[in-house]
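Undergrad: One structure is given below, represented as structure tokens, and several questions about it will come after.
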Amino acid sequence: MGPKSRFRKRLITYLEDAHRAEFFHGSRDAVIAKRKVEPLPADADSDEEIDWEADYRPPTQTLPKPPPRLCNSNACTELCANCRKNDSWCESYKLEVDDLLVRSNVHTHYLSVENQKADDAKRQWRKSTKGKKKLEFKIKRERKGCLTKTGVCRARFPREVFAASEMTDDGHINVRHIEPMMNTVNPILTFLNRCNTDVSSLLSGTAIKAVVSYVSDYISKLSLKSYQMFASVYDVFQKESEMSGGTEKDEDTARHMVRKMVNAMSAKMEIGSPMASMYLLGNPDHYASHKYRPFAWRQHVQFVRSLWVDSLKEEEEEEENDLTGRDEEERVPIGRMDNKFVPSSAVDDYRFRPAVFNNMTLYEWVQCSTKKKRSYRERELFEHDIRRAQDFLEDEPEEDGLHDESVSNARPDLNDDDSDWETDDEDDIILDKEIRKAKWNRPVYHPFSPDHPLFLSHSVTCNFDNLYTIIPNFIGGTIPRSDKGDRAAYCMTILTLFKPWRTPANLKDIISTWDQAFKDHKFTDRQSQLIKNFDVRYECNDARDDHFAQMRKK
């Protein structure tokens, strides 16, 4: 990585091509003079465009023109028509990109004040920043500006200027940055999107994790708290109190009020217009290669903790409350069986799972298991088989075996002499094959253990293909950290997820600690990778805080 290293030169060339903070045709003033059009002010309307050419149309109101086909001739000369078309398109491409950057990407300092206080605030702000570097700014009336009372831009403009790319001794690269009032951009993205599109190069692990944390928080929309919803409704009533004396009909007034309340709540949830339109049109709000299944993990950990509560650190009350959720009311789902309400718990589904799934972990169970209710006919057959089994155990064995759902769904014996699969009609043969294939592919449902509250009414199956297509979506709080907080709580949670158990006593011995049980258990490579992934969120949040601290220092 010396100054004359070939890799270093190619890396810097790649970075300069991927993102830049400059125009193709010189400075901002040169671009404006070349295009002969003034940039659109940020607080102006679209009809206030200053146009100096009659046939000129702003690129923000047009679609990008595709490039012509490349000339593939090896004997091409300067008079080649295709090459001249490509050269002409490249020049127009650069002009449009510069025009878009002037309109959309150049930052202007604004000071937020009300209309009647604009002049006084402007004089007061200049007086408070006297002696500092002179800044060009405008008044942004009735909207939030970027300048503070001390003259500091909240958007951290102007940027540091680098006339040429350089690499420091510790390996940090400062990419060329010519325009101080611009962020780095990618010309191709600007040309295609026709709007403000910033592009940042993530040159450090801290920056990458900070972006991951920011994007995760931005796209994760949680429901509003009660006080937030009431505050939104109250604000709408306060602003629209004068409507009570208007001439609008009561129905129209109520409709406008409800609409404004919904809009206020959407704003508090930070739901963008594209996402709201997706919900209204009935389209999915995301596209993913995997499916997500809700997983309330806390109730399983609470059940395990109920037996081993003495092993946790009682003095760490705050950490303990965070894990057990004592400040929240525990909700127990219920089901109905024989006109009676019985508890229907996901913990019971895993504890009393069929013996054939005895070695499945809780994480795999959430991915693969599917529970269904037996039909009236299926339940009658199942209860009949139970009675026959009881009679079989009490009396002498019968010739007929116990009816099992897995046997009833097994593949039929194709070599049975009594079966009349053979037929003279070719269509019937094809139809019979399709029916037999459908029966063979039908999932096999198994009964729960007899201790399950829904033993008679429900059965379960597991599709192991879901291990690669379904991801549990942890709800009910975040998993404890591995490097901070209560170590026993963390180890107990991980063992609950990735070690097969039916009772909490299966997870550790009485004399062992949770940390020792965690170290003694041998996790698979896949489980170890998942355990590491649980800490990525915390690492990203820490990196985000460090990144913001670095930005504030600048």
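Here's the yes/no breakdown for (1) farther than 16 Å from residue 308 by Cβ; (2) among the aliphatic types (A, V, I, L, M); (3) within 27 Å of the chain's Cα centre (by Cα):
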{"site": "468", "(1), (2), (3)": "yes, no, yes"}
{"site": "475", "(1), (2), (3)": "yes, yes, yes"}
{"site": "517", "(1), (2), (3)": "no, yes, no"}
{"site": "522", "(1), (2), (3)": "yes, no, no"}
{"site": "527", "(1), (2), (3)": "yes, no, yes"}
{"site": "531", "(1), (2), (3)": "yes, yes, yes"}
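Undergrad: Next up: If you go through region 1-33, how many residues are surrounded by 11 or more Cβ atoms within 10 Å (Cβ to Cβ), in a loop (DSSP other than H, G, I, E, B) and not hydrophobic (A, V, I, L, M, F, W, C)?
TA: Qualifying residue count for the region: 5.
Undergrad: For residue 471, are the conditions met, namely being closer than 30 Å to residue 514 by Cα, touching a strand residue (DSSP E or B) at 6+ places or on another chain (Cβ under 6 Å) and either aliphatic (A, V, I, L, M) or modelled with pLDDT of 55 or more (or both)?
TA: Taking the combined requirement at face value, the residue satisfies it.
Undergrad: To continue, here is another question. Considering only residues that are outside any helix (DSSP H, G or I), modelled with pLDDT of 90 or more and exposed (fewer than 11 other Cβ atoms within 10 Å of the Cβ), which ones fall in region 339-396?
TA: Listed by number, the residues that qualify are 358, 359, 375.
Undergrad: Quick one: count up the residues across region 52-84 that are part of a loop (DSSP other than H, G, I, E, B) and closer than 18 Å to residue 189 by Cβ.
TA: Going through region 52-84 one residue at a time, the tally reaches 6.
Undergrad: Please verify whether residue 205 is under 21 Å from the mean Cα position of the chain (by Cα) and surrounded by fewer than 16 Cβ atoms within 10 Å (Cβ to Cβ), treating the condition exactly as stated. Reasoning before the result, please.
TA: On the way: under 21 Å from the mean Cα position of the chain (by Cα): yes; surrounded by fewer than 16 Cβ atoms within 10 Å (Cβ to Cβ): yes.
For residue 205, the condition - under 21 Å from the mean Cα position of the chain (by Cα) and surrounded by fewer than 16 Cβ atoms within 10 Å (Cβ to Cβ) - is met.
Undergrad: Conditions first: (1) in contact with a helix residue (DSSP H, G or I) (Cβ under 7 Å, 6 or more places away or on another chain); (2) loosely packed, with under 14 Cβ neighbours inside 10 Å; (3) closer than 17 Å to residue 272 by Cα. Residue 215 passes all but one, so which condition is the exception?
TA: Of (1) in contact with a helix residue (DSSP H, G or I) (Cβ under 7 Å, 6 or more places away or on another chain); (2) loosely packed, with under 14 Cβ neighbours inside 10 Å; (3) closer than 17 Å to residue 272 by Cα, only one is false for residue 215: (1).
Rundown of residues vs (1) modelled with pLDDT under 90; (2) surrounded by 13 or more Cβ atoms within 10 Å (Cβ to Cβ); (3) not β-branched (Val, Ile, Thr), yes/no style:
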site	(1), (2), (3)
464	no, no, yes
497	no, yes, yes
504	no, yes, yes
513	no, yes, no
517	no, yes, yes
525	no, no, yes
541	yes, yes, yes
547	yes, yes, yes
554	yes, no, yes
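The values are calculated or read from the model by the stated rules, or taken from the named source; none is laboratory data. All values derive from a computational prediction rather than experimental measurement. Glycine also receives a Cβ, built like all others from the backbone with ideal geometry; neighbour counts cover every protein chain displayed.
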